[in-house]
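Written out below as structure tokens is the structure these notes cover.
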Amino acid sequence: MKSRLRALLFALALGSLLFGLSRGEPAAVMQKAVLLCLECIGFG
Amino acid sequence: MNKILLRAAVLLLLTLLAGCAAGTVGNAGGSPGAEAGGSPGGAEAAIGLAVGQTAPDFTLTLNGGGEVTLSQLRGQPVFLNLFTTWCPPCREEIPALQKIYEEYGDRVSIIGVSVTESADVVAEFIAASGVGYPVALDPDGIVAADYDVQFIPQSWVLDSDGVIADYIPGGTDEAGILAALAGVLP
Amino acid sequence: MAKRAWIQAAAALLQNGYLRGFGDGSLYRGPGKQFCVPGLNCYSCPGALAACPIGALQAMAANVRFGLSFYVYGFLLLTGLIGGRLVCGFLCPFGFIQELLYRVPLGKWRRPLPPVLRRLKYAVLLVLVIGIPTALTLTGGISFPAFCQWLCPAGTLEAGIPVALANERIRGALGWLFVWKLSVLLGLLYVAMRLFRPFCRVLCPLGAIYALLNRLSVVHIRTESHCQGCGACRRVCGMEAADPDDPECIRCGRCVTCCPTGARRWAWRRGGAPVRSGEN
């Protein structure tokens, strides 16, 4: 039972990752990660 | 140490290493670029990012069409606001900027520059936000590099000769903008 | 466990290899930043070569186009299914820092941690990381990364302080929020000298995610049938975990080293066999 759940979740994880990649999410992640928004890290 | 653990750890570490190796090969930007061409001669202040220096020049496409060249705005003070559409404090100061634009727009040039963002994202945002002042696009981060932009928002106040008079790190409000403009408004 | 400490140190250095950033307060802007590291490492750290998954989750929640980040959740689910909180025990720089602080010879708090505190990290995840950023976006407000902005001490330590030290322009922007974040950080660093990895146990939203997957992870720690129930593993566990499949277990391996009969072992999980706890 558990091993089936795990296999299902693995498939879900991979599918989710690939779907996110196809949507161009890494580029959006990158954007936020290369410019500091001061308040976002607790300045101000 | 147990083999399985060792293998798992090595695997995870190798993934990290691969990512880092790929990363360190290419890093664009982050270098202060204060040399934006030579000054046209004469008594003009040196180009740089300190108060008293001439702000680096740029030419950018405007959201909605057209272009803007910083040096052509001389004759009036300039309030240059570097921002992105996703940054909360950037968005919070937009109403203040809009208000100042409506009241003082004939005496000072308010320019927003969206750094490292694509034209369609900015267009969408501007249409929804009711911003009336000109917003320039810097999708390749050239102005960001020239102005050594590591964080946003930040605002630069230039006098009518294009010389840097003040600098605001982080977000500001109407009072802050007016205080910064006090020195350069006629 | 000296070997694990070496791995933790190496992981911390690798994730923050952009040394130049420490010198001038700049951020690395290369392609690495589109990937997430598995542990808690602020992407605004001058040295950071990749993105923080928790920061990325909040940032994506604030993005009207994406909202839910399939990419980041997929990555976290995958990593958690591989080792559960193994990342916590071996690869998280902030966890490593807390462990180093615990080695400071200050009196250790002996009383067990009230269970409610252990559950607080799930609330942090649901409210600060997911709830607030998503709710604001959905209602058309200005979304912000609530966890990063209000709480995350890793961000203050790895990003806030180094950047403020190296970049004088940023120093001009410091205000009351920074005072609050700094107090949170200092309080936590102090507690870490008296209690083992307090942030991980009480507040870490990333640990909360991996904790949920401990019972399913492919790599785990198994208790063999010749366990004699001496309880040495439980006594030595810094996280007060009942057994290695407990959500609190960070897979540090201390119980494996301490077991007198060698009944605790690292293992690939076979089927869905439940783990026998370490006491009769």
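The values are calculated or read from the model by the stated rules, or taken from the named source; none is laboratory data. All values derive from a computational prediction rather than experimental measurement. Cβ atoms come from the backbone with ideal geometry, glycine included; neighbour counts cover every protein chain shown. Only protein heavy atoms, including side chains, enter the accessible area calculation; ligands, DNA and RNA are left aside. Shrake-Rupley method; radii C 1.70, N 1.55, O 1.52, S 1.80 Å.
Below are the figures for this structure:
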{"quantity": "Under 5 Å, built H, 5+ apart or other chain: amide partners of C:LEU174", "calculated": "A:GLY44"}
{"quantity": "Distance in nm between pseudo-label sites at C:ILE161 and C:TYR122 (7 Å out along the Cβ direction from Cα)", "calculated": "3.3"}
{"quantity": "For B:ILE47, distant residues with modelled amide H under 5 Å away", "calculated": "B:THR54"}
{"quantity": "Separation of the B:ARG7 and A:LYS2 label points, Cα + 7 Å toward Cβ, nm", "calculated": "2.0"}
{"quantity": "Pairwise label distance in nanometres, C:TRP180 with B:LEU178, each label 7 Å out on the Cα-Cβ vector", "calculated": "2.7"}
{"quantity": "Average Cα contact separation per residue, region B:31-186, under 8 Å, 6 or more apart, as relative contact order %", "calculated": "31"}
{"quantity": "Reachable aspartates and glutamates from C:LYS181, criterion Cα separation under 16 angstrom, eight or more residues apart if same chain", "calculated": "A:GLU39, C:GLU158"}
{"quantity": "Residues of region A:19-44 with amide N under 11 Å of the 7 Å Cα→Cβ point at C:ARG20", "calculated": "none"}
{"quantity": "Whole-Hz couplings from phi, Karplus 6.51/-1.76/1.60, listed for region B:145-159; x for Gly and Pro", "calculated": "5, 4, 9, 6, 7, 9, 8, 9, x, 8, 10, 10, 10, 10, 7"}
{"quantity": "Using alpha carbons only: equivalent-ellipsoid semi-axes of region A:2-41, gyration tensor based, whole Å", "calculated": "31, 13, 5"}
{"quantity": "Solvent-accessible area buried by pairing C with A, both sides, nearest 100 square angstrom, 1.4 angstrom probe", "calculated": "3600"}
{"quantity": "Long-range amide H partners of B:VAL113 with built H, under 5 Å", "calculated": "B:ASN81, B:LEU82, B:PHE83, B:ALA136"}
{"quantity": "³J(HN,Hα) computed for each position of region C:59-70 - Karplus, 6.51 cos²θ - 1.76 cosθ + 1.60, integer Hz, glycine/proline x", "calculated": "5, 5, 5, 7, 8, 4, 6, 9, x, 7, 8, 5"}
{"quantity": "Where Rh is the Kirkwood radius over Cα pairs, Rg/Rh for the protein assembly as shown", "calculated": "1.04"}
{"quantity": "Range in chain C, longest, excluding exposed trypsin sites (Lys or Arg not before Pro) [loop by DSSP; at most 12 other beta-carbon atoms within 10 Å]", "calculated": "C:111-269"}
{"quantity": "For region C:176-189, Karplus couplings with θ = phi - 60° (6.51, -1.76, 1.60), whole Hz, Gly/Pro x", "calculated": "5, 4, 5, 4, 4, 4, 5, 5, 4, 4, 5, x, 5, 5"}
{"quantity": "Furthest towards positive pole of dipole, C:LEU13, C:PRO145, B:GLY48, structure part the protein assembly as shown, Cβ charges", "calculated": "C:LEU13"}
{"quantity": "Cα centroid of region B:107-186 to Cα centroid of region C:14-48, whole Å", "calculated": "26"}
